[in-house]
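Asks: First, the structure itself, so that you have it in front of you.
The values are calculated or read from the model by the stated rules, or taken from the named source; none is laboratory data. Since this is a predicted model, take the numbers as computed values, not measurements. Cβ: placed from backbone, ideal geometry, glycine included. Neighbour counts: every protein chain shown. We work out accessible area using only protein heavy atoms, side chains counted, and drop any ligands, DNA or RNA first. Shrake-Rupley method; radii C 1.70, N 1.55, O 1.52, S 1.80 Å.
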Amino acid sequence: MKKKGEMKKVKKVKDKVNDGQDDDPWWWLVQEGIRPSFLCISLFALLVRVAVGLHPYSGAGTPPKFGDYEAQRHWMETTLNLPSKDWYRNSSVNDLSYWGLDYPPLTAYQSYVHGVFLKTFDPDSVALFTSRGYESYLGKLLMRWTVLSSDVLIFFPAVLYFVLVYRSMRFGMGQNSDVAWHIAMILLNPCLILIDHGHFQYNCISLGLTIAAIAAALSQKDLVASVLYCLALNHKQMSAYFAPAFFGYLLGKCLRKKNPLLEVTKLGLMVIGTFAVVWWPYLQSKDAALAVLSRLAPFERGIYEDYVANFWCTSSVLVKWKKLYSTQSLRIFSLAATFITCLPSMVQQILAPSSKGFLYALLNSSFSFYLFSFQVHEKSILLPLLPLTLLALEESHSILWLTHFAMFSMFPLLHRDKLVLAYMALYALFILVYFAPCGPGGRCHGTKTLDNTQKTKRSVDFITSITFHPLVMGFLGLCSLILHVIYLTMHPPNKYPFLFEAVIMLICFSQFVLFTFYFNSKQWMLSKHLTSKDKQKKLI
């Protein structure tokens with residue numbers, strides 16, 4: 001009887017899949033499962049990255065300090081030719097004023113490995129002193145390959161791990177094409193591709209480790225998640241944007257187990273152990289550890305730099321923060337504002353931890369840091385975008401709108417890097433993928449989620465009506481299009497040289513604030529709609 005029932009169940013599933021063949025043009029891609037579709041999309045995403053890598057990069061041909069490309073190359077030069085104790089210390093052989101290391105030790109180890117790779121094929125590209133500003137064709141090709149290999153070895157496998165976990169939890173993946181669409185939304189994130197493979201950075205490593213940590217946490221491998229997240233934090237300190245969400249979710253789960261103190265202790269030991277291993281060369285003396293820490297907190301640069309769409313930079317049009325307050329005071333202000341705004345999200349997960357709530361908490365905490373923390377860069381918008389892409393099936397409307405403004409907020413930076421063509425091409429590709437006929441964007445699956453939300457809470461209904469109103473979307477879309485054209489074709493008044501950047505910043509900031517309220521409201525409403533499967537019941 002049991003075997004007969006199982007056969008009927010399998011036949012029912014097959015019939016359901018076959019029923020969708022005729023109206024699902026992506027069926028051929030996903031009929032064999034997630035892995036084949038992931039492989040096909042990954043190969044395409046890799047080709048897109050290679051194409052973007054053919055464009056200029058940050059600081060190309062602009063001495064004396066060049067840009068981020070030269071910073072990454074110089075770190076390879078430093079770590080390859082100097083002992084680890086001198087990597088973060090100013091000396092006659094390591095001038096920290098010239099792109100000194102200012103990321104945690106895991107970035108330094110990564111730079112060493114990549115430096116060995118470059119030295120094998122082009123020793124001149126990492127020679128001490130003489131390689132500054134090195135821009136040979138082979139050197140640039142090898143540098144681009146280091147980013148591509150980082151994507152393939154870390155980011156892509158992490159995405160596959162997450163999608164497999166996510167699908168097993170059945171978060172709205174009703175059709176085969178949803179799987180392929182979700183993978184494409186993550187791997188073809190235009191902002192990440194432009195920054196890593198255009199501008200030139202290695203965000204794919206820290207974000208890949210973070211995705212793997214998220215997947216591990218969702219699959220109840222909390223100790224593994226702790227190690228992976230600590231590695232992400234030790235690669236780029238900006239990964240701290242996700243710390244409140246990880247803390248709230250893991251602590252909330254521990255409190256619902258039989259021995260909460262034991263569970264918290266195990267997590268604490270894993271965190272301490274991971275940090276100890278990564279920081280071991282610098283734990284031999286207090287001075288060595290402090291030398292690294294001092295490089296990780298660039299307070300001397302001020303509370304903001306350039307034009308970034310966060311609170312401090314936007315409000316500086318009216319309030320001259322840098323002139324009115326000392327750096328110490330601004331540090332306190334930013335810390336307090338960041339803590340207060342991410343506290344509700346963290347508390348919700350401590351009180352009612354859930355898988356979906358954790359993903360929203362990651363989004364909310366990262367937005368809090370982006371909007372209010374100290375020394376935020378334009379590229380930091382990548383961090384809120386990461387959990388949003390992971391929630392793409394839940395927030396199909398939001399990912400379209402926020403990706404648009406995330407790209408828009410980085411447009412001045414990418415324009416300086418001469419990446420306008422790549423910017424337009426990737427934006428067009430994103431729109432094409434988003435509106436794929438049988439993807440959630442094409443079917444507008446997000447409408448149901450929004451309708452359910454509107455019936456539940458008035459605040460979300462109000463924010464949703466503002467953010468997704470056709471007139472508002474049309475007006476802001478037209479404004480951003482006009483500003484793109486103005487920025488490319490006109491010069492600002494001499495009296496206000498950064499007028500265009502300020503307007504772009506103001507528009508993007510307004511949208512980021514609205515979405516912060518919206519996502520926080522949605523996270524708190526999850527407490528009322530948790531299923532029995534999502535609830536973490538305390539063991540007896």
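Table: residues versus (1) in contact with a Leu (Cβ under 9 Å, 6 or more places away or on another chain); (2) of a type outside the set (S, T, N, Q); (3) buried (at least 21 other Cβ atoms within 10 Å of the Cβ); (4) in contact (Cβ under 8 Å) with a residue 24 or more places away in the chain.
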{"residue": "LEU390", "(1), (2), (3), (4)": "yes, yes, yes, yes"}
{"residue": "LEU393", "(1), (2), (3), (4)": "no, yes, yes, yes"}
{"residue": "THR403", "(1), (2), (3), (4)": "yes, no, yes, yes"}
{"residue": "LEU421", "(1), (2), (3), (4)": "no, yes, no, yes"}
{"residue": "PHE430", "(1), (2), (3), (4)": "yes, yes, yes, yes"}
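Asks: Would you check which residues across the range 104-133 are open to solvent by 70 Å² or more (accessible area, probe 1.4 Å) and among the aromatic types (Phe, Trp, Tyr) and list them?
Replies: Those that are open to solvent by 70 Å² or more (accessible area, probe 1.4 Å) and among the aromatic types (Phe, Trp, Tyr): TYR112, PHE117, PHE121, PHE129.
Asks: Okay, next question. Are any residues in the range 351-371 modelled with pLDDT under 95 and open to solvent by 10 Å² or more (accessible area, probe 1.4 Å), and if so, which ones?
Replies: Across the range 351-371, the qualifying residues are LEU351, ALA352, LYS356.
Asks: Moving on to the next point. Tell me which residues, restricted to the range 253-265, are without any contact (Cβ under 8 Å) to a residue 12 or more places away in the chain and either in contact with a Gly (Cβ under 8 Å, 6 or more places away or on another chain) or open to solvent by 60 Å² or more (accessible area, probe 1.4 Å) (or both).
Replies: Answer for the range 253-265, where residues must be without any contact (Cβ under 8 Å) to a residue 12 or more places away in the chain and either in contact with a Gly (Cβ under 8 Å, 6 or more places away or on another chain) or open to solvent by 60 Å² or more (accessible area, probe 1.4 Å) (or both): ASN259, LEU261, LEU262, THR265.
Asks: Among the residues of the range 488-512, write down those that are in a helix (DSSP H, G or I) and open to solvent by 40 Å² or more (accessible area, probe 1.4 Å).
Replies: LEU488, THR489, LEU499, VAL503, LEU506, SER510
Asks: Would you mind finding the one in ALA217, ALA243 that is touching a Lys or Arg at 6+ places or on another chain (Cβ under 9 Å) and assigned to a helix (DSSP H, G or I)?
Replies: Exactly one of ALA217, ALA243 is touching a Lys or Arg at 6+ places or on another chain (Cβ under 9 Å) and assigned to a helix (DSSP H, G or I), namely ALA217.
Asks: Turning to a different aspect of this structure: Check whether at least one residue in the range 464-477 is small (Gly, Ala, Ser), buried (at least 17 other Cβ atoms within 10 Å of the Cβ), farther than 19 Å from GLN348 by Cβ and modelled with pLDDT of 75 or more, and report yes or no.
Replies: No, the range 464-477 contains no residue that is small (Gly, Ala, Ser), buried (at least 17 other Cβ atoms within 10 Å of the Cβ), farther than 19 Å from GLN348 by Cβ and modelled with pLDDT of 75 or more.
Asks: Right, something else. Quick check: is even one residue across the range 80-103 within 26 Å of LEU187 (Cβ to Cβ) and either touching a residue at least 40 places away in the same chain (Cβ under 8 Å) or hydroxyl-bearing (Ser, Thr, Tyr) (or both)?
Replies: yes
Asks: Which residue out of GLN237, GLN201, GLN220 is without any contact (Cβ under 8 Å) to a residue 60 or more places away in the chain and either of a type outside the set (A, V, I, L, M) or out of contact with any Gly (no Cβ under 6 Å at 6 or more places or on another chain) (or both)?
Replies: GLN220
Asks: I've got another one for you. Can you find, within the range 307-322, the residue that is farthest from ALA240 (Cα to Cα) among those that are outside any loop (DSSP other than H, G, I, E, B) and touching a residue at least 40 places away in the same chain (Cβ under 8 Å)?
Replies: Going through the qualifying residues, I end up with THR314.
Asks: Something else about it: Mind checking which pairs have a first residue in the range 476-495 that is touching a residue at least 12 places away in the same chain (Cβ under 8 Å) and a second that is acidic (Asp, Glu) and open to solvent by 40 Å² or more (accessible area, probe 1.4 Å), Cβ under 6 Å, 6 or more apart or different chains?
Replies: Short answer, once both residue conditions are applied: none.
Asks: Give the range 134-170 a look and list any residue that's open to solvent by less than 60 Å² (accessible area, probe 1.4 Å), assigned to a helix (DSSP H, G or I) and among the aromatic types (Phe, Trp, Tyr), or say none.
Replies: PHE155, PHE156, PHE162, TYR166 - these are the residues of the range 134-170 that are open to solvent by less than 60 Å² (accessible area, probe 1.4 Å), assigned to a helix (DSSP H, G or I) and among the aromatic types (Phe, Trp, Tyr).
Asks: Follow-up question, since we're still on this one. Using beta carbons and a limit of 6 Å, which pairs, at least six apart or on different chains, have the first residue in the range 366-383 and touching a residue at least 12 places away in the same chain (Cβ under 8 Å) and among the polar types (S, T, N, Q) and the second one outside any helix (DSSP H, G or I) and open to solvent by 10 Å² or more (accessible area, probe 1.4 Å)?
Replies: GLN375/PRO298
Asks: A further question follows. Are any residues in the range 284-306 in a loop (DSSP other than H, G, I, E, B) and over 21 Å from TRP99 (Cα atoms), and if so, which ones?
Replies: Across the range 284-306, the qualifying residues are GLN284, SER285.
Asks: With the condition being in contact with a Cys (Cβ under 9 Å, 6 or more places away or on another chain), I'd like the helices (runs of 4 or more DSSP H) fully within the range 323-418 carrying at least 3 qualifying residues.
Replies: 355-372, 396-409
Asks: Checking the condition in contact (Cβ under 8 Å) with a residue 40 or more places away in the chain, small (Gly, Ala, Ser), open to solvent by less than 70 Å² (accessible area, probe 1.4 Å) and closer than 26 Å to ILE350 by Cβ, which residue from GLY248, GLY268, GLY302 passes?
Replies: GLY248
Asks: If you don't mind, there's one more thing I want to ask. For the range 6-122, which helices (runs of 4 or more DSSP H) that fit wholly inside it have 1 or more residues that are closer than 30 Å to TRP279 by Cα and modelled with pLDDT of 95 or more?
Replies: 68-81, 105-121
Asks: Looking at the range 91-112 only, could you name the residues that are closer than 12 Å to ARG73 by Cα, among the hydrophobic types (A, V, I, L, M, F, W, C) and more than 22 Å from the chain's Cα centre (by Cα)?
Replies: Correct list: TRP99 only.
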